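Step one of this worksheet: look at the structure below.
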Amino acid sequence: MDIYRVVEIITGTKVILNCGREQKISLGDKFEIYGLTEVLVDPETEEELGKAEIIRGKGEVTNLQDKLCTIESYLKESQYGSRKIIRRTSSPFGSIFNQPSTEEEITAEPLLKRFEDIQIGDYARKLDF
């Protein structure tokens, strides 16, 4: 499995990786971003256990270049989905003065989940599913 790195943080939900078409990356590919702790040591045996992976989030390729790709978080803060709010305004005098009622539709999309404590140099692995 190839491991790539975060080379730029655009926003809390969008980063650039050091891989692109040359590494056979495609639009829509999904990645898991993670950081590593320092080497952990068992407090009882003092055996070195290795570094733990700290998952920062998951993202999908939204822009692709030869050696770079932009990924954006695809996880949502809320699982409730979109909602519509319809406001109707009318006046009891509307029909008398020939004023139509108005209708306004507001669609609220769920927010994308931010990558947690992401840093330049964090690791990325392509998810196969």
For segment 7-24, in order, what is each residue's ³J(HN,Hα) by Karplus, 6.51 cos²θ - 1.76 cosθ + 1.60 with θ = phi - 60°, in whole Hz (x at glycine and Pro)? 10, 7, 10, 7, 9, x, 10, 9, 9, 10, 10, 8, 8, x, 4, 4, 9, 6
Inter-label distance for ASP66 and ILE9, nm, one decimal - labels placed 7 Å from Cα along Cα-to-Cβ: 3.0 nm
Write out the GluC sites (Glu not before Pro) in segment 18-68 meeting two conditions: DSSP loop, and at most 14 other Cβ atoms within 10 Å of their Cβ. GLU44, GLU46, GLU47
Cross-link reach list, aspartates and glutamates versus LYS24, counting only Cα pairs under 15 Å and skipping chain neighbours closer than eight places: ASP2, GLU60, ASP66, ASP128
With r as the distance between the Cβ atoms of LEU127 and VAL41 and R0 = 35 Å, compute the FRET efficiency 1/(1 + (r/R0)^6) and round to 0.05. 0.70
By accessible area of protein heavy atoms, probe 1.4 Å, what ranking do SER73, SER26 get, highest first? SER26, SER73
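The values are calculated or read from the model by the stated rules, or taken from the named source; none is laboratory data. Since the structure is predicted, the reported quantities are computational estimates derived from the model, not experimental observations. Don't worry about glycine lacking a Cβ; one is built from the backbone with ideal geometry, like all the others, and counts go over all protein chains shown. Only protein heavy atoms, including side chains, enter the accessible area calculation; ligands, DNA and RNA are left aside. Shrake-Rupley method; radii C 1.70, N 1.55, O 1.52, S 1.80 Å.
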